[in-house]
Amino acid sequence: MRRRALLAAPLLAPPLLSLAAAPAVAQPAGVAMDEVMIPGGDPGIQLYLRNKRPEQAAAARPDRTILCVHSATYPASTTFDLAVGGVSWMDYMAGRGFDVWCLDLRNYGRSTREAAMGQPPEANPPLTRGEVAQKDIAAAAAHIRQQRGLQKLVHLGWSWGSSLQARFAADNPALVERLVLYAPQWLREGPSPAAAGTAGETLGAYRSVTRAQARARWMNGVPEAQRARLFPAGWYEHWADSTFATDPEGMRQVPSALRAPNGVLQDSREFWQAGRPYYDPAAITAPTLVVLAEWDRDTPPSMAMALFPLLTNSPGKRLVLLGGGTHGIMLERQRGALFQAVQVFLEEAIGG
């Protein structure tokens, strides 16, 4: 009954089950947006934060205030707030009464690009290691808590962002209301698909990803017969255009490319590939959702299955495996299943 009520409830954004048919709109009615640059975790670093919330917002609540953190390669704005089919994931959550923020970590999107990002990659060591990203997450979360007068937030991460958010939750249990780990990393044999072509190499400051490489990685693991149906017409192209445009320097390359810091790949070598977890799941005391799709080859279901039993102190924890999607299901035809699974977790009461 609870799930049925969730699907039937009215939204400020277009109804979820008609996403593919809805016309593209700049901003759903009833949803307000703000953008702000805030000081990062180190001097000289400015971080880009975007906020979506109902125009007629109620009093701030920790269980309805969310900070979203992106993956290893792509920025937050085109992950959580790209309006395909007329609505973004942030629009959808805001339409259900949530106060949603997304963060570009340093050297991603519209946040500060350090000088090394403008130099040949081999001239500097990998940028934006996990310990550095933790500083930026702490700064962003503190800003939101101060703005809303809250003690806690919901923390949501995708892929690498899930590792960062899990680490933050493990280190700061008093600051995290709930935790959503979408396509989470865990121990692995061999390098991540994000590290294609770098095996055995000394990693430079950043890597450059072309559109062709991005599409090939996205389609990895999708059955041949399903590839043509993965995206409604124009969705992938809209994502690619919007995402690559966040890196004007990369756009000037031929072929055009998106530059992404290599700190995550260095961390993967030193932690996940070396059999060393980046965080202790047992230290997470917030209710936690682990959610991913069946065709995910970046963080396959076996990782989630290994991680889930280790969340021994997470009350109301749950694991959801979605059919017909990949690592990037939030921008695919089956995105509604992800939105619904996360929303059920966010809205349901969870006992201790």
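Could you check region 151-165 and list, in sequence order, the residues that are of a type outside the set (S, T, N, Q) and either in contact with a Ser or Thr (Cβ under 6 Å, 6 or more places away or on another chain) or open to solvent by 10 Å² or more (accessible area, probe 1.4 Å) (or both)? Listed by number, the residues that qualify are Lys152, Leu153, Trp158, Trp160, Gly161. Quick one: in region 54-94, of everything that is buried (at least 20 other Cβ atoms within 10 Å of the Cβ) and more than 16 Å from the chain's Cα centre (by Cα), which residue is farthest from Glu332 (Cα to Cα)? Of everything passing the filter in region 54-94, Arg64 is farthest from Glu332 (Cα to Cα).
Can we say Ala212 is in a loop (DSSP other than H, G, I, E, B), open to solvent by 70 Å² or more (accessible area, probe 1.4 Å) and over 30 Å from Pro315 (Cα atoms)?
Numbers: in a loop (DSSP other than H, G, I, E, B): no; open to solvent by 70 Å² or more (accessible area, probe 1.4 Å): yes; over 30 Å from Pro315 (Cα atoms): yes.
Considered against the rule, which asks whether it is in a loop (DSSP other than H, G, I, E, B), open to solvent by 70 Å² or more (accessible area, probe 1.4 Å) and over 30 Å from Pro315 (Cα atoms), Ala212 comes out as no.
So, of the residues in region 235-247 that are among the small types (Gly, Ala, Ser) and without any contact (Cβ under 8 Å) to a residue 60 or more places away in the chain, which turns out to be most open to solvent (accessible area, probe 1.4 Å)?
To start, the set of residues in region 235-247 that are among the small types (Gly, Ala, Ser) comprises 240, 242, 245.
Keeping just the survivors that are without any contact (Cβ under 8 Å) to a residue 60 or more places away in the chain gives 240, 245.
On the way: Ala240: 4, Ala245: 57 Å².
So the residue we want is Ala245.
As for region 187-201, it holds at least one residue that is open to solvent by 20 Å² or more (accessible area, probe 1.4 Å), hydrophobic (A, V, I, L, M, F, W, C) and within 20 Å of the chain's Cα centre (by Cα).
On the stretch given as region 114-147, residues that are farther than 18 Å from Cys102 by Cβ, out of contact with any helix residue (DSSP H, G or I) (no Cβ under 6 Å at 6 or more places or on another chain) and buried (at least 18 other Cβ atoms within 10 Å of the Cβ) total 5. For Ala286, indicate whether it is at pLDDT 95 or above, more than 17 Å from Cys68 (Cβ to Cβ) and in contact with a Ser or Thr (Cβ under 7 Å, 6 or more places away or on another chain). Spelling it out, it is not the case that Ala286 is at pLDDT 95 or above, more than 17 Å from Cys68 (Cβ to Cβ) and in contact with a Ser or Thr (Cβ under 7 Å, 6 or more places away or on another chain). Within region 38-59, the only residue that satisfies the criterion of being outside any strand (DSSP E or B) and among the β-branched types (Val, Ile, Thr) is Ile45. Just to be sure, is Gly324 open to solvent by 10 Å² or more (accessible area, probe 1.4 Å) and on the phi > 0 side of the Ramachandran plot? For Gly324, the condition - open to solvent by 10 Å² or more (accessible area, probe 1.4 Å) and on the phi > 0 side of the Ramachandran plot - is met.
Exactly one residue among Ser208, Ser256 is touching a Pro at 6+ places or on another chain (Cβ under 9 Å) and not aromatic (Phe, Trp, Tyr), and that residue is Ser208.
Considering Trp101, Trp89, which residue is within 26 Å of Asp42 (Cβ to Cβ) and out of contact with any Cys (no Cβ under 6 Å at 6 or more places or on another chain)? Before the answer, list the steps.
Working: Trp89 fails: within 26 Å of Asp42 (Cβ to Cβ).
Only one candidate qualifies: Trp101.
Residue count for region 95-110 satisfying the condition of being assigned to a loop (DSSP other than H, G, I, E, B) and either within 10 Å of the chain's Cα centre (by Cα) or among the charged types (D, E, K, R) (or both): 3. Among the residues making up region 166-183, those that are buried (at least 24 other Cβ atoms within 10 Å of the Cβ) and more than 18 Å from Gly316 (Cα to Cα) are Phe168, Ala183.
Of all residues in region 259-285 being more than 19 Å from the chain's Cα centre (by Cα) and of a type in the set (S, T, N, Q), which is farthest from Tyr206 (Cα to Cα)? Applying the filter and picking the extreme gives Thr285.
The values are calculated or read from the model by the stated rules, or taken from the named source; none is laboratory data. Everything numeric in this text was worked out from a predicted model, so none of it was measured. Here Cβ is always computed from backbone atoms with ideal geometry, including for glycine, and neighbour counts include all displayed protein chains. Surface areas here come from the heavy atoms of the whole protein model, side chains and all, with no ligands, DNA or RNA. Shrake-Rupley method; radii C 1.70, N 1.55, O 1.52, S 1.80 Å.
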